[in-house]
Amino acid sequence: MLNYNKNKLINACLCKYYETFSHTLDTADFVPDKFNDKILNYIFKNMRKSFKKIDKEDRRYQKQLNKKQQAKSKQEKRRLKLEKRQAERERKLAKKQQRKSKKGGK
């Protein structure tokens, strides 16, 4: 099963970092390599942090989704059980009515 929520979060994160990389590429010609390396390391470090946040957010989302799914299935089971119980009561009532009509209405 594809995890669309996580994919959306990752795409948003990567768009931000690609934008940041594009700004650093503009300065690569006149900024010393030493500082560019520091900047790139900083960007990668922040990207790893944001991916951890994405994973955490996705776990929370999946947990909520599972709870909703379980609640929905539980509600469906209750509904089916109630319908079965009502059908059983109606069947018993019809059987009782049928016995009364055979006895002559008493």
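The values are calculated or read from the model by the stated rules, or taken from the named source; none is laboratory data. Note that this is a predicted model, so its numbers are computed, not measured. Cβ coordinates were reconstructed from backbone atoms using ideal geometry, including for glycine residues, and neighbour counts include every protein chain displayed. These area figures cover heavy atoms from the full protein model, side chains too; ligands, DNA and RNA do not enter into them. Shrake-Rupley method; radii C 1.70, N 1.55, O 1.52, S 1.80 Å.
Restrict the check to the range 67-80 and report whether at least one residue is touching a residue at least 12 places away in the same chain (Cβ under 8 Å) and open to solvent by less than 100 Å² (accessible area, probe 1.4 Å). Looking through the range 67-80, none of the residues is touching a residue at least 12 places away in the same chain (Cβ under 8 Å) and open to solvent by less than 100 Å² (accessible area, probe 1.4 Å). Taken over the range 49-66, the criterion of being open to solvent by less than 100 Å² (accessible area, probe 1.4 Å) and of a type outside the set (Ser, Thr, Tyr) is satisfied by PHE51, ILE54, ASP55, GLU57, ASP58, GLN62, GLN64, LEU65, ASN66. Looking only at residues of the range 4-20 that are closer than 13 Å to ARG48 by Cα and aliphatic (A, V, I, L, M), we find that the one that is surrounded by the fewest Cβ atoms within 10 Å (Cβ to Cβ) is LEU14.
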